[in-house]
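See below for the structure under consideration.
The values are calculated or read from the model by the stated rules, or taken from the named source; none is laboratory data. Since this is a predicted model, take the numbers as computed values, not measurements. Cβ sites come from the backbone with ideal geometry, for glycine too, and all protein chains shown count toward neighbours. Only protein heavy atoms, including side chains, enter the accessible area calculation; ligands, DNA and RNA are left aside. Shrake-Rupley method; radii C 1.70, N 1.55, O 1.52, S 1.80 Å.
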Amino acid sequence: MGRKRKGRDISGWLVVDKPAGMTSTAVVNKVRWAMDAKKAGHAGTLDPEATGVLAVALGEATKTVPYITDALKAYTFTVRLGQATNTDDAEGEVIAESDARPSDDDIKQALTPFLGDIMQVPPKFSAVKIDGQRAYKLARDGEDVELTARPLWVEELILVDRPDEDHVVLEMTCGKGGYVRSIARDLGAALGCHGHVKELRRIWSGPFEVEDGLNIEQIDEMAKTTALDEYLHPLETGLADLPELKCTPEGATRLRNGNPGMVLASDVEYGDEAWASLDGKAVAVGIYKSGELHPSRVFIQPV
């Protein structure tokens, strides 16, 4: 029988402004330690050198992680023109160079094909699995990694600044599974000048914005105190993109036991995914059918 994990039964979301040079896993471990939480996870990995929004889920909020992972996210990033690297970012070695420098108008026109539903090949140095192994491990071992293109929804991609002829600052809003490094690489190829990501910052992820994020220093200062609890967002925040259905106390009891429970429907249709609440607290997520919610995830919260 496995050991019971020690820590507090605390649930909610803590938004962290991740610093450069720290992995997403390290941030989660820091938050779990600082809040003495039993369970923690994050919604959407950021590369170690990237900064910005990393939403950390605690306790029952970890059950809502998929809904933040699937939500739209926005990034600002700087592309270094004239150089391609083997990692598609500034951490890699330069593998190709060009003296060509496109105009601002050329760049704006080149951004159009990257909008909407596109197919994107992930960077060779990424966490994508190939025959059970991470692509970055195979690439580091010198193997010739070939990744297949994957679908990506790009809501917006705009030029926001041109500090000098070698650099361009872009802002992108996209769906799940987007690699900013691939955008920089493919944009450089389309412009005929090569390109890689020099700086990357996630400015929002679903309902969470970077302005709401705590930095690591603040987390360290408040570690092991209840002060950090004041910055927790309720687990219900992770369900913002799903319709909410009210349920009766009797319906809530049935749902908590894993059975279909009666809910008061509004504008949901048969077969829609939704979440049920009682007194504002999430009870379950599931599929709405004929006046009842059929639960797929049940939340254990104080009544």
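Here is how the numbers come out for the structure above:
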| quantity | calculated |
| --- | --- |
| Of the criteria (1) basic (Lys, Arg); (2) touching a strand residue (DSSP E or B) at 6+ places or on another chain (Cβ under 6 Å); (3) over 23 Å from LYS18 (Cα atoms), which one ARG201 fails | (3) |
| Which numbered condition ASP241 fails, given (1) of a type outside the set (A, V, I, L, M); (2) at pLDDT 95 or above; (3) open to solvent by 40 Å² or more (accessible area, probe 1.4 Å) | (2) |
| Only one of ILE203, ILE219 that is of a type in the set (Val, Ile, Thr) and part of a strand (DSSP E or B) | ILE203 |
| Meets criteria (in a helix (DSSP H, G or I) and acidic (Asp, Glu)) for GLU155 | no |
| Exclusive hit being open to solvent by 70 Å² or more (accessible area, probe 1.4 Å) and either under 26 Å from the mean Cα position of the chain (by Cα) or within 30 Å of ALA96 (Cα to Cα) (or both), set GLU230, GLU236 | GLU230 |
| Output for region 222-232, where each listed residue is assigned to a helix (DSSP H, G or I) and modelled with pLDDT of 95 or more | MET222, ALA227, LEU228, ASP229, GLU230, TYR231 |
| Unmet criterion (only one of (1) touching a strand residue (DSSP E or B) at 6+ places or on another chain (Cβ under 8 Å); (2) at positive phi) for LEU242 | (2) |
| Subset of region 292-303 (residues that are closer than 21 Å to ALA240 by Cβ, open to solvent by 40 Å² or more (accessible area, probe 1.4 Å) and not basic (Lys, Arg)) | SER296, ILE300, GLN301 |
| Residue satisfying all of: in region 255-291; farther than 15 Å from TYR67 by Cβ, open to solvent by 60 Å² or more (accessible area, probe 1.4 Å) and not in a loop (DSSP other than H, G, I, E, B); modelled with the lowest pLDDT among these | LEU264 |
| Matching residues, region 45-77, being over 11 Å from the mean Cα position of the chain (by Cα) and small (Gly, Ala, Ser) | ALA50, ALA57, GLY59, ALA61 |
| Residues that are touching a Leu at 6+ places or on another chain (Cβ under 9 Å) and either closer than 14 Å to LEU235 by Cα or β-branched (Val, Ile, Thr) (or both), drawn from region 279-302 | LYS281, ALA282, VAL283, ALA284, VAL285, ILE287, VAL298, PHE299, GLN301 |
| Test: residue in region 215-229 that is without any contact (Cβ under 8 Å) to a residue 12 or more places away in the chain and of a type in the set (A, V, I, L, M, F, W, C) | yes |
| Of the criteria (1) β-branched (Val, Ile, Thr); (2) within 19 Å of the chain's Cα centre (by Cα); (3) over 25 Å from LYS137 (Cβ atoms), which one ILE107 fails | (2) |
